[in-house]
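The values are calculated or read from the model by the stated rules, or taken from the named source; none is laboratory data. Computed from a prediction, not measured in an experiment: that's the story for all the values here. Methodologically, a virtual Cβ is constructed for each residue, glycine included, from the backbone with ideal geometry; neighbour enumeration extends over all protein chains shown. SASA here: full protein model, heavy atoms, side chains in, ligands and nucleic acids out. Shrake-Rupley method; radii C 1.70, N 1.55, O 1.52, S 1.80 Å.
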Amino acid sequence: MRPEPVLLAALLALPGTEVPRQLSGTGLYQKVAGLVVDPANRPYAPQYPLWSDGADKARWCFLPPGRTIDASRPEAWVFPVGTRFWKEFSFNGRRVETRMLWHSSRNTWTYAAYLWRPDQTDADLVAEAGGDSAAEIAPGRTHRIPSQQDCLACHGNGGPQVLGFTALQLSDDRDPLAPHAEPLRPGMATLATLERDGLVTPARRQWIDQPPRIQAERPRTRAALGYLSANCGNCHQAEQPIPGVALILRQPVGLASLIDLPTHGEVPGWAGRTRAIVPGAPEGSLILHRMGTRSPYTRMPPMASELVDTQAVELLRAWISQDLGP
Amino acid sequence: MNAPVRGLVGLLLVWPHSAAAPARDRIRRGEYLVDIMGCNHCHTPRRQGPHGPEPDPSLLLSGHPAAQPVSPGPGLQGPWVWAASRTNTAFAGPWGVSFAANLTSDRETGMGGWTDADFKAMARRGKHLGRGRDILPPMPWISLRDASDGDLEAILAYLKSTRPIRNRVPDAVEPGRP
């Protein structure tokens, strides 16, 4: 049987360290015509998605046949060499960008971003410096393709390189209040399917019986902590904390550690003491101020987003004022 | 004392010196690199001396003095694009106003809490604190980008050996903001 040209290209490209020039060469698709995804690539959706300016996203994971994920540390899984992840970004119903994270050798994760062609037939590798796409995400604002250094700023902080494929993110106990949560569709990988398929070691039956969830007294607290962990906790984490910044947001983190935490930034116009979170006072909470601005030097996150996540800002505002208030 | 015991005693006497020597060498190397790369030009505030502005050794590498607010940058015209404050630690240009960082070993406001990984991330990526916004002009971080791991480790070792000066440098100011 004559192989499909695209499959041949994938076979030629992937064993080496060269990054394929076209997305079609990465092994994502079984057939490029019609963009039929290879069934070996498992779709999935993290329960707390990263805010990406309202993009519609699709994600897939490829695990080399016969290999498993070392899940000894639930939030720092170790993937076998050859693992690949893809994340596709669409705006206004059109594919704009697909990113690939490829465990290309024992100590290397390779990052690649592909910009979709206007005819939507394939996507081409973007230079390391990244660049602007033509996709308008708001009047006068376009989606930006991150540079390799931008990728590393979140993925290369000494912790796990894969951020959205963890026990908490794949838990079948989904948070109904998680902002921008995507519904689980049939065929999606979850913690339970990975466990049942024997793809994680050591086996953990409790991941099926008692899926992980953020422990919180109130539903809104659970959602707020989950959002902060997924969107902020990749930099604000304990394993390699930001020098001089005590804020730790990656789960598991106790709510108490966030309350009344001193900061060295200030909220303009707030007469009281600025804190990361001031219970009952969202107007004095630096986290909310940073989330709500796109000032280039004080915004959070500092990259990978051009628009304020208003849904999340409202969630945190309500949480701080109503759930944490006096 | 028999020969093996004498040898062991000798080894113990030499050991602390041997272990400390590489660390001292690394710090000296770092100091040399900081000197020849001119880090002090912007990170050590200048004062007025008899021959004009000169680095203030009492504020070595402590960055823009927090107690010294700066007004909005001047509106420059013609070929002039950027300006520096009297201390040569605050810089106004199309990027707004940027401030030289505190590079002393102070743990809270300087480099005392930095790890080699943090410092390399900053140097290689050009990101504030290694993972924040882009580092602003006029910091020539690109000159650091291709430095060897050993040189970057030496620079940080030297900075962490300096006298700590507590000085929380202000956040950068975006263009058009007071």
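Numerical summary
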{"read-out": "For the range B:25-161, size of Cβ-based charge dipole, Lys and Arg +1, Asp and Glu -1, in debye", "value": "280 debye"}
{"read-out": "Cβ-Cβ FRET estimate between A:Asp56 and B:Asp25, R0 fixed at 56 Å, reported to 0.05", "value": "0.50"}
{"read-out": "Spatially near lysine pairs across the protein assembly as shown, Cα under 27 Å, sequence gap of 8 or more or different chains", "value": "7"}
{"read-out": "Gain on full stretching of the segment that runs from A:Asp197 to A:Leu255 - 0.36 nm per residue minus C-alpha separation", "value": "17.4 nm"}
{"read-out": "Helix-only mean residue ellipticity at 222 nm for the protein assembly as shown, each DSSP H run of n ≥ 4 adding -39500 (n - 2.57), per residue, nearest 500", "value": "-7000 deg cm²/dmol"}
{"read-out": "Protein-protein interface of the range A:133-152, residues with accessible area decrease of at least 50 Å², isolated chain reference, 1.4 Å probe", "value": "A:Gln149"}
{"read-out": "Chain pair B, A: total accessible area buried, heavy atoms, 1.4 Å probe, Å²", "value": "1800 Å²"}
{"read-out": "Rounded if a/c under 1.5, otherwise prolate or oblate - the protein assembly as shown, Cα gyration tensor axes", "value": "prolate"}
{"read-out": "Point-to-point label distance, B:Arg163-A:Glu266, nm (Cα→Cβ direction, 7 Å offset)", "value": "2.9 nm"}
{"read-out": "Carbon + sulfur, % of accessible area of the range B:25-161 - ligands and nucleic acids excluded, 1.4 Å", "value": "56 percent"}
{"read-out": "For the range A:102-141 and the range A:22-56, distance of Cα centres in Å", "value": "13 Å"}
{"read-out": "Estimated FRET transfer efficiency (A:Ala40, A:Glu306; beta-carbon r; R0 45 Å; 0.05)", "value": "0.85"}
